[in-house]
Amino acid sequence: MNNKNLYLPEMATINEVIEETANIMTFRVILNNPDAMENFSFEPGQVGQLSSFGTGEATFVINSPPTRKEYLQFSVMRAGEVTSKLHSLKPGDQVGVRAPLGNYFPYEDMKGKDILFIGGGIGMAPLRTLLLYMLDNRKDYGKITLLYGARSPVDMAFNYEVSSWLERDDLETHLTIDAEFEGWPHTVGLIPNVLLDIAPSPENCVAVTCGPPIMIKFTLQALEKLGFTDEQIVTTLEKRMKCGVGLCGRCNIGTSYVCMDGPVFTYAQLKELPNEL
Amino acid sequence: MELVKYLKSADLKSWLQELARENRVFAPRNEGDSVIFAPFDPEQEIAIVHPATLPPKKTVFPQSEKLVDFTYSKDPENLSRIMIDGKEVLPEGTAVVFGGRPCDVRGFTMFDRVYLAEKSTDIYYQARRENTTFITLACEKPETTCFCHWVDSGPTDATGSDVLATVVDGGYVLEALSDKGSKLLTSTLLENGESRKDEARKAHEKAAELLQDAPDLSGAPKKVLQVFDTMEFWEEAAAKCLSCGACAYLCPSCYCFNITDETIGMKGTRIRSWDNCMSAQFTMEASGHNPRPTKAHRLRNRVGHKFSYYPDIHDGVISCCGCGRCIKSCPVGTDIREIVLQAIEYEPAVGEEQADEQ
Ligand SMILES: Cc1cc2nc3c(=O)[nH]c(=O)nc-3n(C[C@H](O)[C@H](O)[C@H](O)COP(=O)(O)OP(=O)(O)OC[C@H]3O[C@@H](n4cnc5c(N)ncnc54)[C@H](O)[C@@H]3O)c2cc1C
Ligand code: SF4
Ligand code: SF4
Ligand code: FES
């Protein structure tokens with residue numbers, strides 16, 4: 001019998017805070033127990049519950065890749081109570097971490113294939129972990145394309161590394177914003193439209209996408225138009241979660257618990273589930 | 001080894017008092033118009049004529065319980081830095097629950113499959129479950145809202161119980177069903193019950209005879225899922241629902257919870273408390289999107305979970321015990337039996353099937 005306490009977080013210290021945009025902050029945290037930090041292992045796409053004690057817990061993807069383990073990185077968009085409290089924290093402050101939780105991107109099955117990342121807004125966070133993992137294991141994957149969009153340049157998280165992504169010749173990066181903005185040298189247009197313009201080939205390719213529901217809806221349509229099958233599309237869901245371990249009953253879609261069976265699903269798998277997204 | 005004892009009705013309180021020396025003992029008692037499980041008090045009548053209004057769910061799964069205590073302290077090296085220490089608060093001590101009904105106690109077996117699963121064992125639940133002994137009272141006759149025999153159970157089903165108590169002339173026949181149960185039956189107040197076994201058997205048969213024919217629910221998991229997209233069906237079922245959540249709170253097998261924090265000064269606790277999927281907030285996402293935006297969607301989840309999703313995951317076991325509490329206590333008369341039967345009988349209107357395919 002497994003006697004681990006499912007609800008007791010590891011105490012951790014915030015090592016670095018990065019102000020990404022007006023409403024997104026990135027936290028790099030280190031578990032206080034050096035053994036726990038040393039032995040911490042996770043897969044790209046898994047999530048964690050971050051607690052600010054006294055306020056509560058909320059779910060975030062671990063967006064640093066497993067190949068870089070000096071710290072665990074979470075990017076937090078302000079949405080309500082816990083996220084606002086987290087935004088008030090500084091380096092040195094204490095948080096609780098319950099992680100890793102959930103399933104992960106099928107990166108083994110993706111080996112030898114071309115990869116198309118399509119991220120919108122904070123939806124770039126889960127893609128970042130997989131993208132960096134693949135860049136760290138570059139020879140295992142074919143052509144990698146990234147389409148990353150945000151409302152405006154100031155809403156674009158991970159700005160500081162996007163420039164280095166643009167410079168790489170083993171990564172094709174497209175950046176887009178919703179509307180014209182002075183000095184913006186990249187594409188302007190909604191993600192699904194830009195996707196149709198780039199028109200990547202579905203041949204031996206897997207598309208990985210995450211973003212707000214409306215973007216996902218039209219991106220799926222665009223991918224279909226380009227000839228991607230449901231099996232070739234991978235996405236990650238943001239259901240409301242509480243326990244993260246399949247007990248509290250909050251995150252189910254029919255028989256599927258997003259906290260255990262997800263958050264990563266292929267579009268083909270999502271279509272099998274009852275229609276309750 | 002089968003252990004059977006006989007307890008005179010007049011000795012019930014004395015026996016519970018004996019048990020209360022080493023255990024927290026819970027028994028049903030009247031409170032206003034309700035019957036609730038409360039710590040045994042010899043001054044109060046034990047109310048066992050009718051099944052309790054509230055099942056003894058809280059004896060193993062408290063309405064609200066501490067998970068973690070945390071304390072804040074100043075870092076001695078850097079006084080502006082607040083350190084936090086979190087400690088688990090595990091339940092202690094043993095408990096005995098007298099007078100639950102078969103449906104009440106069977107409810108915990110619905111929890112067990114989830115809370116004691118290998119991949120995520122809930123050690124708080126596990127501690128209480130292991131340290132609680134159930135003396136279950138066999139039912140003599142069904143109430144109008146009872147339908148335990150529709151869901152593979154019955155008025156004398158002892159699944160999940162440690163002792164089955166049967167009312168016979170002048171007292172109770174107590175049959176031990178587990179080691180925990182046998183250990184309880186050592187008091188000198190108890191007589192050998194072998195000679196009374198037949199009487200108990202007869203009482204069980206009589207209770208079974210009073211049951212009306214049960215409909216076949218084996219097709220329920222598939223049928224309930226088949227009407228998933230037929231929103232008119234759920235809108236009609238939920239038409240009067242107030243989203244009050246009484247059905248879920250009173251249900252012996254509803255196990256959803258919330259986790260919240262409370263702080264006073266330099267101390268705080270993380271608390272788990274009952275939650276219910278009939279509430280609009282339950283699945284509200286931070287973006288404002290709610291996958292179950294109306295009461296129809298939420299009732300669909302409650303019925304779907306019990307009669308379709310849970311059985312799909314757990315070898316066909318329906319996670320409703322047929323206690324009828326949600327029917328009896330619903331302020332607007334929502335009847336889960338009717339909903340399930342209607343789902344089983346549902347025939348899509350001509351043309352609708354094709355429309356659903358698109
Ligand atoms: C698998 C997964 C991965 C995620 N990854 C990320 C990530 O990497 N980065 C990120 O920023 N976000 C991520 N999220 C979303 C994030 O978990 C939520 O934004 C966060 O939980 C919001 O918490 P909060 O306490 O700040 O908001 P809350 O205060 O809980 O609620 C915010 C809003 O939700 C609604 N609400 C919810 N519950 C209640 C209630 N009880 N009462 C009233 N209103 C309520 C309201 O509309 C409210 O305004 C992820 C979510 C999931 C499930
Ligand atoms: S008890 Fe009745 S009114 Fe209240 S939530 Fe349940 S079905 Fe709706
Ligand atoms: S769903 Fe209703 S009848 Fe079934 S166990 Fe729960 S309260 Fe009892
Ligand atoms: S978050 Fe509790 S069951 Fe999934």
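Here the scattering of region A:114-236 is modelled by Debye summation over its C-alpha atoms, one equal scatterer each and no solvent; at q = 0.10 Å⁻¹ the log10 of I(q)/I(0) is -0.27. What's the long-distance tail for region B:243-358, i.e. % of Cα pairs beyond 22 Å? Of all Cα-Cα pairs in region B:243-358, 48 percent lie more than 22 Å apart. Plainly put, region B:264-304 has a radius of gyration that is 1.19 times its Kirkwood radius, both from alpha-carbon atoms, as the Rg/Rh ratio. Modelled label positions at B:Glu338 and B:Asp315, each set 7 Å beyond Cα in the direction of Cβ, lie 3.5 nm from each other. Modelled this way, with points 7 Å down the Cα-to-C-beta line, the labels at A:Ala179 and A:Arg151 are 1.0 nm from one another. Going from the residue with the fewest nearby Cβ atoms within 10 Å to the one with the most, B:Ile344, A:Ile115 rank B:Ile344, A:Ile115. Computing FRET efficiency as 1/(1 + (r/R0)^6) for A:Ser88 and A:Thr67, where r is the C-beta to C-beta distance and R0 is 41 Å, gives about 0.85. Here the simple spin-label model places points 7 Å from the Cα toward Cβ, and for A:Asn137 and A:Ser163 these points are separated by 3.1 nm.
Restricting the calculation to Cα atoms, chain B yields a radius of gyration followed by a Dmax of 23.0, 76 Å. On the principal axes of its alpha-carbon atoms, chain A has extents of 50, 44, 36 Å, going from largest to smallest.
The amide H of A:Phe53, built 1.01 Å from its N in the peptide plane, has A:Gly96 as neighbours under 5 Å, considering only residues 5 or more places off or on other chains. For every other residue with a beta carbon closer than 15 angstrom to the beta carbon of A:Ala199, add +1 if it is Lys or Arg and -1 if Asp or Glu, then tell me the sum. Net local charge, A:Ala199 excluded: -3. Per-residue mean of foreign Cβ neighbours for A:52-64 is 3 (Cβ atoms of other chains, 10 Å radius).
Ranked for footprinting exposure by Cβ neighbours inside 10 Å, fewest first, B:Met278, A:Met156, B:Met266 give B:Met266, A:Met156, B:Met278.
Over region A:1-94, the ratio between the Cα radius of gyration and 2.2 N^0.38 Å evaluates to 1.06.
Residue exposure proxy: A:Tyr160, A:Tyr71, B:Tyr309, ordered by other Cβ atoms within 10 angstrom of their Cβ from fewest to most, comes out as A:Tyr160, A:Tyr71, B:Tyr309.
Per-residue 3J(HN,Hα) values for region B:153-162, derived from phi via the Karplus relation 6.51 cos²θ - 1.76 cosθ + 1.60 with θ = phi - 60°, read 10, x, x, 10, 5, 10, 4, x, 8, 10 Hz in sequence order (x marks Gly and Pro).
Here r is the Cβ-Cβ distance between A:Ala36 and B:Asp75 and R0 is 22 Å; the resulting FRET efficiency, rounded to 0.05, is 0.65. Whole-percent P(r), the protein assembly as shown, all Cα pairs, 20 Å bins from 0: 17, 44, 30, 9, 1.
A short reminder: the numbers here are calculations on the coordinates, not readings from a lab. None of these values were measured; they are calculated from a predicted model. Don't worry about glycine lacking a Cβ; one is built from the backbone with ideal geometry, like all the others, and counts go over all protein chains shown.
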